[in-house]
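A quick write-up on the structure given underneath.
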Amino acid sequence: MLKQYLLTPGPTPIPPQIALKEALPVIHHRTSEFASIYKDVAEGLKYVFQTRNEVYVLACSGTGAMEMAIVNLLSPNDKILVASCGNFGERWAKIAQSYGVETIYVSVEWGKVLDPLEIEKTLKKNPDIKAVFTTFVETSTGVASDIKSIGKIVSQTNAVFVVDAISGLAGQEFRTDDWEVDVVISASQKDFMLPPGLAFIMFSQKTQKLIELSRLPKFYFDIKKYRDFYLINQTPFTSPVTLIVALQEALKLIRNKKIENIWNDCKRLARAARAGMQSLGLKLFAEVPCEVVTTASVPENIGEKIITTLKERYSVSIAGGQGKLNGKIIRLAHMGYIGKVDLLAGFACLEIVLSELGMDIEKGKSVAAVQKEFLG
């Protein structure tokens, strides 16, 4: 039986000590025992988010938290700005438009990075914009956005700044309060080293007026319900107990290692992955590469075959392109529990597959490039 190497940008591998927590007997969520766990989780999430504000836990995917942000901040016909550089940036607009919210775009070609000055210009032309939505790490392209600069610009307006940090939080430097971000969302299946099923969301004080004025329909995603139950260390609906118990363990591991050390580890892995891709003759796709996933362009005639062959023959899972990038790029993650040995194994198998599919590959070159970064 082949060992599985999961190098996708979500879900990511789960450390044994976290997985074992899910195997414990289930406890009831309306108990002091669970409340104590939830209180500890709440403090741990503040640390990862780098915020003094409350962070709420939701039983849903990251997209659910995106919807929660929209329905609690806006009303029908409100105007927002969506700054998009990929598939997940566009998701913000799709959700908002489904609720009748007017959307103005600042967008760039996939693979390119957003220009904060374009966002500033758009805000000056449209002073009635209620919120700016963007993505921290756009895993569909591998691009990292300059959240610090955008946050400074938005903070000088009446608009609130909302960031999808699902794929970067806990893996790449992100400082919610210092960077003046008003709403941050994330999810469990990436840098948090958990299975899918949990999402996290934080609202700043600047959002409170919009929350009170919001007239979009909501029930499960009503932040006021979560705010009330947060005061008693509970969630308003049935809590995913086993996932939250596992989250407590994940946050313990993160805090023990220290978030800055995790950021540095991801930087090192990212440098190694980029060197590995380039040694294979593959061009990096992202104009400003993030630290948690590396994207590279591949010949379209073998793009999909790379993914399937790696999985079927070598049990190595990486991701392909999404939407219009399907078959054109590959995406290899280095976040969470993914480490040096995983990258070495992944590149060794990628070399073999590319060679089998007809590319002229110098055997061992990418593994050597990865090793060099680790040793340097």
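The values are calculated or read from the model by the stated rules, or taken from the named source; none is laboratory data. What you see is a predicted model; the values in this text were computed from it and never measured. No Cβ is skipped: glycine too gets one built from the backbone with ideal geometry, and neighbour counts run over all protein chains shown. Please note that ligands, DNA and RNA were not included when accessible areas were found on the heavy atoms of the full protein model with its side chains. Shrake-Rupley method; radii C 1.70, N 1.55, O 1.52, S 1.80 Å.
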field: Search result, residues across the range 295-313 that are surrounded by fewer than 16 Cβ atoms within 10 Å (Cβ to Cβ), of a type in the set (S, T, N, Q) and in a helix (DSSP H, G or I)
entry: Thr308
query: Restricting attention to the range 111-130, does a residue exist that is more than 22 Å from Cys266 (Cβ to Cβ) and open to solvent by less than 10 Å² (accessible area, probe 1.4 Å)?
result: yes
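Of the residues that make up the range 136-157, is at least one β-branched (Val, Ile, Thr), closer than 24 Å to Leu198 by Cβ and in a helix (DSSP H, G or I)?
Checked against the condition, which is being β-branched (Val, Ile, Thr), closer than 24 Å to Leu198 by Cβ and in a helix (DSSP H, G or I), the range 136-157 yields at least one hit.
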All positions within the range 225-239 that are in contact (Cβ under 8 Å) with a residue 24 or more places away in the chain and either over 25 Å from the mean Cα position of the chain (by Cα) or in a loop (DSSP other than H, G, I, E, B) (or both): Ile232, Asn233, Gln234, Thr235, Phe237, Thr238, Ser239
message: Conditions first: (1) in contact with a Gly (Cβ under 7 Å, 6 or more places away or on another chain); (2) buried (at least 18 other Cβ atoms within 10 Å of the Cβ); (3) of a type outside the set (Gly, Ala, Ser); (4) touching a residue at least 40 places away in the same chain (Cβ under 8 Å). Val41 passes all but one, so which condition is the exception?
response: (1)
- prompt: For Arg215, all conditions in the list (1) open to solvent by 20 Å² or more (accessible area, probe 1.4 Å); (2) outside any loop (DSSP other than H, G, I, E, B) hold save one; what is the number of the exception?
  reply: (2)
- prompt: What number goes with the only condition from (1) in a helix (DSSP H, G or I); (2) within 15 Å of Met277 (Cβ to Cβ); (3) open to solvent by 30 Å² or more (accessible area, probe 1.4 Å); (4) hydrophobic (A, V, I, L, M, F, W, C) that Met359 does not pass?
  reply: (1)
task: Inspect the range 240-253 for any residue being within 30 Å of Pro127 (Cβ to Cβ) and assigned to a helix (DSSP H, G or I) and give the result as yes or no.
output: no
statement: Of the residues in the range 339-376, those that are in contact with a strand residue (DSSP E or B) (Cβ under 8 Å, 6 or more places away or on another chain) and either of a type in the set (Val, Ile, Thr) or within 18 Å of Ile302 (Cα to Cα) (or both) come to Gly346, Cys349, Leu350
query: Before we move on, is Met277 at pLDDT 95 or above, part of a loop (DSSP other than H, G, I, E, B), buried (at least 17 other Cβ atoms within 10 Å of the Cβ) and not charged (D, E, K, R)?
result: no
query: Looking at the range 1-35, which of the residues that are outside any loop (DSSP other than H, G, I, E, B) and of a type in the set (A, V, I, L, M) is most open to solvent (accessible area, probe 1.4 Å)?
result: Leu20
statement: Pairing a residue in the range 79-107 that is surrounded by 24 or more Cβ atoms within 10 Å (Cβ to Cβ) with any residue that is in a strand (DSSP E or B) and basic (Lys, Arg), where Cβ atoms lie under 7 Å and the two sit 6 or more apart in sequence or on different chains, gives Cys85/Lys112
- prompt: Name the strands (runs of 3 or more DSSP E) wholly within the range 36-111 that hold at least 3 residues that are farther than 25 Å from Lys125 by Cα?
  reply: 55-58
query: Out of (1) crowded, with 16+ Cβ neighbours inside 10 Å; (2) part of a helix (DSSP H, G or I); (3) touching a Ser or Thr at 6+ places or on another chain (Cβ under 7 Å), the odd one out for Leu194 is which?
result: (2)
query: Just to be sure, is Gln172 modelled with pLDDT of 95 or more, in contact with a strand residue (DSSP E or B) (Cβ under 8 Å, 6 or more places away or on another chain) and in a loop (DSSP other than H, G, I, E, B)?
result: yes
